[in-house]
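Everything below concerns the one structure shown next.
The values are calculated or read from the model by the stated rules, or taken from the named source; none is laboratory data. These figures come from a predicted structure and were not determined experimentally. Note that each Cβ is placed from the backbone with ideal geometry, even for glycine, and that neighbours are counted across all protein chains shown. For accessibility, only protein heavy atoms count, side chains too; no ligands or nucleic acids. Shrake-Rupley method; radii C 1.70, N 1.55, O 1.52, S 1.80 Å.
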Amino acid sequence: MSKRSTSASPKHAPALDESAHIYLIDGSAYIFRAYFAMFKASQARGASFTRSDGTPTGAVMTFCNMLWKLLREGLDDGKPTHVGVVFDHSGESFRNEIYDAYKANRDEPPEELVPQFPLIREAVRAFGLTPIEQEGYEADDLIATYVAQAKGTGAEITIVSGDKDLMQLVGDDVSMYDPMPGNERRIGRDEVVKKFGVGPDKVVEVQALAGDSTDNIPGIPGIGVKTAAQLIEQFGDVETLLERAGEIKQNKRRENVIQYAEQARISRKLVELDSEVPLEHPLEELGSPEVDGKKLIAFCKAMEFTTLTKRVADAYGLDMDKVAADESLAPDGEPAEDADDDETTDGAPGPAHLATHRAKAIRDIPIDRDAYETVTTLERLNEWLARAREQGYFAFDIETTSLSAMRAEVVGVSMALKPGEACYVPMAHRKADELDFGDANGLAQVPRDAALEALKPVLEDDGILKIGQNLKYDYLVLLGLGIEMRAIDDTMLISYALDTGRGTHGMDELARRHLGHTCITYKEVAGTGKAQVTFDLVPIDKATAYAAEDADVTLRLWLMLKPRLAAEGMTAVYETLERPMVPVLARMEHYGIKVDRDALSRLSGDFAQKLGALESEIYELAGEEFNIGSTKQLADLLFGKLGYPGGRKTKTGAWSTGARVLEDLVADESLTEAQRQLPIKLLEWRQLSKLKNTYTDTLPDYIHPDTGRIHTSYSLGSVRTGRLASTEPNLQNIPIRTREGRQIRTAFVAQDGHKLISADYSQIELRVLAHIADIQALKRAFAEGLDIHAMTASEMFGFPIEKMPPEIRSRAKAINFGIIYGISAFGLAQQLGIPRSEAGEYIKKYFERFPGIRDYMEEMKAEAHDKGYVRTIFGRKIHFPELETATQAARGNFERAAINAPIQGSAADILRRAMIRMPDALAEAGLSARMLLQVHDELIIEAREDEVEPTIDTAVQIMSAANEPAVDVSVPLKVDARAADNWDDAH
DNA sequence: AAGTTTCCCTA
DNA sequence: GTAGGGAAACTTG
């Protein structure tokens, strides 16, 4: 018995007579249906249904909203006088004694739902009611018994449920009401007839014959609801039918009825509700709908339901601030870092305990690569999938011919159901003539199309959780095959949410770190270098060991890491900032961006010509030919033979030839005009060779042969601040600063009839800084739309903003950037080309003018030292384990990173939130526009020409409000957007 | 063939 | 001073 059950004091309800109206609410069914129908769907859209300590509360909230509405307003026919909220008792019911497979095919409840069951019972108490449940009985039986007893009183009865198993109870004074949000409906006799083809009194007969796969009620094979209704119409009931089965005309049907007669009798017992349960809470004790506002507010506050708290306070004219959260249910404040001795209020082990307990148990199960199964038939694959369906979750991995998802062909898939229980399903392996696999390595495998067809419904089922490592890859490959994965968890992203800064999040490293296990490397199975083969040529036995191990390890990592999310209060970060990025990014990568190959080719030609001319001039000036691209040869020549004054050295002691050194030579007044020509030409050559080699020569190779577009890959979990990184190719470093560089941008174009829209945040990091450090002067400047660098310069150097000399403004700009980067006198001096002492003076002056900034910096340093991490405004943690061990010299670097991380990271989180909402926002606005690229503070969207204006409006709207409603930002987020035919003109 | 260094492109 | 990716040269195995 719960500690608090004694404190629940049911109020006295009026007498039960003809004027009474009883609501019997089927709590358990509602929770499940609400969860699958809406809570999960909203979650997939990125909505947060998690309390600040990570406890999932979506189902509790839905339930409370339903109950609130029900008690306050009643249903379509007035308010109730008596209310009972009824739940299934956990564990088996008497039906399992009749038929041990009853409900045996039910999935375990979803992980997010489990901690919510006790909370929902608490919710019922908060409404002043007693949750009704009884060991050995299901909610339906209790409801049936209440109905049977209430009938004698003449009261009107409404069963609040949409469950067809309760339809047998409908009668003169008894109807049902399905409370599913958006699908509310009254269910009376007519609705029952529509569903079962017979009246409520014959429903059990029909159900007995037709069976029910969700409850695992067998029924009679070959008979569905239609046939069952027809048979019952003819024979009256199951028993009569079985006696006179010989009269059935259809041969097969008759045989089945006779053969499965006993099964039908059992089924009837299973579906018929027990209306004679000895009630622990008799009918007279049903509660009243009157609510104690304070008690309910205390509960809602503990759950952090802001909207409902307000609604309740308004309804009762109470001041919500004056009611404290129910402490026995509220989060404990700082979530438990340490995984020891935490307990929930019911004394059950909490998430932190679960996390450590799981970790230990999983590490103890050895990994045996020889135990994995190779699935070679479709039948066997379907058996695995059926088990996955039954379990409700499984680990999953695709093997393909390419690391590039857009070019990958599926070769096989692996899956794991439990630690050590994994298989590989080869689909498209082939023999290469030059390799002898031997006889034992035949190519028995499941044809690809058939295998994918079997997989598709499971992958797309949002009731079956697919667990993977870096699932964006699999998602993208499958998207190309017309499969849209739903219900996913990604171990890489879970690890990233938990452990950013504590190492990388690749599977091999996670396996080593958490399981003490070294995975087989890809090279071990596929070879290395020139001898490396694609996965379809890997022998199937090796492939099984490799692929099934991946799935096995992924599952184990998930079992270990997932409970840590709740234990460490990171569930919301994972579910709102990480997981929803997978489908969004996969689609952006899938669409790609159109690139004008010919334009790039022309540029390459131009650059080549100019480079040729420059080379000749450089050889002429140098007096000899050499490899200009070789820094070593160049240094030898410049500082050796030609005697130029050497500037800086690199960290390995070599003379530096970087742009800064060459620029210094150009400006060196001790050199002659003629001597300055060589560094000038070298700088030009460097710039052009960079543009040619890195961009115009390389980008065309990334144009996909089928789509004519470039499909970059965005990496999640690789940047410690939460930013994305773009690879193969990197489209986040396309040139913009020089005229020649911008020509490359013009080659990124919209497709025919479309425009590219570039929407970017203005000064987002400085705005975030102004907010976090709470700097009034900066906040005011942003609110008034001032030129922030000019304003800084004005504050520091005293010039009026309107007459600011450009060079003063640019100094202030450098300082502002320096602040974001965790300023040092050394760095600022280098940036501005001034003595370090002078830079130090600037910084001193800045801090005098903006002391809050210095306070912020000191705070971040202290927090990073004390706690080992800093946080973004959305709660993402960035760990700095290095600070504990760093030497004095190295410490400054980490401290600057800790200062920068909340700024860069919060900005990155804002971008993520905008990106996650954008596709739905565009679709809801009826727009066909698509996000194509993200460049840290900029989104590139492709829109049809006739939709450009509304697309810009939507994008700006979403981006400007991306922080809401999770976090208030005390500075406006300004977004600029424009459209053009190419990226350069749009930016 | 694989790893490291230098340089340079982006926010 | 923050956060990245990547080409080419160079070093090491």
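Mean residue ellipticity at 222 nm from the helices of chain A, using -39,500 (n - 2.57) per DSSP H segment of n ≥ 4 over the full residue count, to the nearest 500 deg cm²/dmol?
Estimated from H runs of four or more residues: -13500 deg cm²/dmol.
Of A:D314, A:D909, A:D370, which has the most accessible area and how do the rest follow, probe 1.4 Å?
A:D370, A:D314, A:D909
Once you've got the Cα coordinates, tell me which of A:K151/A:K202; A:K360/A:K542; A:K431/A:K542 are over 25 Å apart.
A:K360/A:K542
Excluding residues fewer than 8 places away in the same chain, name every one of the lysines whose C-alpha is closer than 17 Å to that of A:K681.
Candidates past the 8-residue exclusion: A:K610, A:K690, A:K692.
Excluding same-chain residues fewer than 8 positions from A:K803, which lysines have a Cα within less than 18 Å of its Cα?
Result set, ordered by chain and number: A:K813.
What is the Cα coordinate range of the stretch A:108-250 on the first, second and third principal axes, sorted by size from largest, in whole angstrom?
So the extents along the principal axes, rounded to whole Å, are 58, 41, 33.
Under a crude label model (7 Å from the Cα following the beta-carbon direction), how far is A:K803 from A:Q391 in nanometres?
A separation of 7.7 nm, rounded to one decimal place.
Probe radius 1.4 Å, ligands and nucleic acids ignored: give me the carbon and sulfur share of the accessible area of chain A as a rounded percent.
48
Keeping all protein chains in the complex and leaving out DNA, RNA and ligands, what accessible area do you get for A:E383 with a 1.4 Å probe, in Å² to the nearest 10?
Taking all protein chains as shown, A:E383 has close to 90 Å².
Sort A:L16, A:L417 from largest to smallest accessible area, using a 1.4 Å probe on the heavy atoms of the protein chains.
Order by accessible area, largest first: A:L16, A:L417.
Please report the accessible area of A:E924 (heavy atoms, 1.4 Å probe, ligands and nucleic acids excluded) in Å², nearest 10.
Taking all protein chains as shown, A:E924 has close to 150 Å².
What lysines does A:K69 reach when the alpha-carbon gap must be under 20 Å and sequence neighbours fewer than 8 apart in one chain are set aside?
Result set, ordered by chain and number: A:K11, A:K79, A:K294, A:K295, A:K301, A:K310.
Return the FRET efficiency for the residue pair A:D636, A:N893: r is the Cβ-Cβ distance, R0 is 30 Å, and the value is rounded to the nearest 0.05. The partial results should precede the final answer.
On the way: r = 32 Å, r/R0 = 1.06.
Here the calculated transfer efficiency is 0.40.
Check the stretch A:837-987 and count each lysine pair with an alpha-carbon distance under 27 angstrom, considering only pairs eight or more places apart or from different chains.
Close lysine pairs found across the stretch A:837-987: 5.
Note down, for chain A, the three equivalent ellipsoid semi-axes (square root of 5 times each alpha carbon gyration tensor eigenvalue), biggest first, whole angstrom. Provide the component values of the computation, followed by the final result.
On the way: eigenvalues 764, 273, 130 Å².
Calculated on Cα positions only, the semi-axes equal 62, 37, 25 Å.
In whole percent, what relative contact order does the stretch A:594-710 give with Cα contacts below 8 Å and a gap of six or more residues? Present the calculation step by step, with values, prior to reporting the outcome.
Values: 88 pairs, mean separation 43.0, N = 117.
Computed value for the stretch A:594-710: 37 percent relative contact order.
Size of the stretch A:659-779 along its principal axes in angstrom, Cα-based, largest extent first?
Principal-axis extents of the Cα atoms in the stretch A:659-779, largest first: 53, 51, 31 Å.
With each pseudo-label sitting 7 Å past Cα toward Cβ, what's the A:E484-A:E135 distance in nm, one decimal?
With each label placed 7 Å out from Cα toward Cβ, I get 4.7 nm.
What number comes out for accessible area per residue over the stretch A:606-722 if the probe is 1.4 Å? Units Å², please.
Here the per-residue accessible area is 53 Å².
So what does A:L403 come to for accessible area, using a 1.4 Å probe and Å² rounded to 10?
Approximately 150 Å² of A:L403 is accessible to the 1.4 Å probe.
How much length is gained on full extension from A:S616 to A:T672, taking 0.36 nm per residue of separation minus their Cα-Cα distance?
18.1 nm
Over the stretch A:5-285, what lengths in whole Å, largest first, do the semi-axes of the equivalent ellipsoid take, defined as the square roots of 5 times the eigenvalues of the alpha-carbon gyration tensor?
Equivalent ellipsoid semi-axes, largest first: 34, 23, 17 Å.
Work out, step by step, the length gained on full extension between A:E624 and A:R244: first 0.36 nm times the residue separation, then minus their alpha carbon distance; give nm to one decimal.
125.9 nm
Where both partners of a DSSP beta bridge lie in chain A, what percent of those bridges are antiparallel, to the nearest 5?
Working: 51 of 75 bridges.
Antiparallel bridges: around 70 percent, rounded to the nearest 5.
At R0 = 25 Å, how high is the FRET efficiency between A:D190 and A:E18 if r is their beta carbon distance? Nearest 0.05 is fine.
Taking R0 as 25 Å, the efficiency between A:D190 and A:E18 is 0.55.
Can you work out the Karplus-derived ³J(HN,Hα) for every residue in the stretch A:689-699? Use 6.51 cos²θ - 1.76 cosθ + 1.60 with θ = phi - 60°, whole Hz, and x for glycine or proline.
Working through the residues one at a time gives 5, 4, 4, 6, 5, 7, 10, 5, 7, 8, 4 Hz.
Would you calculate the separation in nanometres between label points at A:R265 and A:E373, each defined as 7 Å from the Cα along the Cα-to-beta-carbon direction?
My value for the distance between the label points is 3.6 nm.
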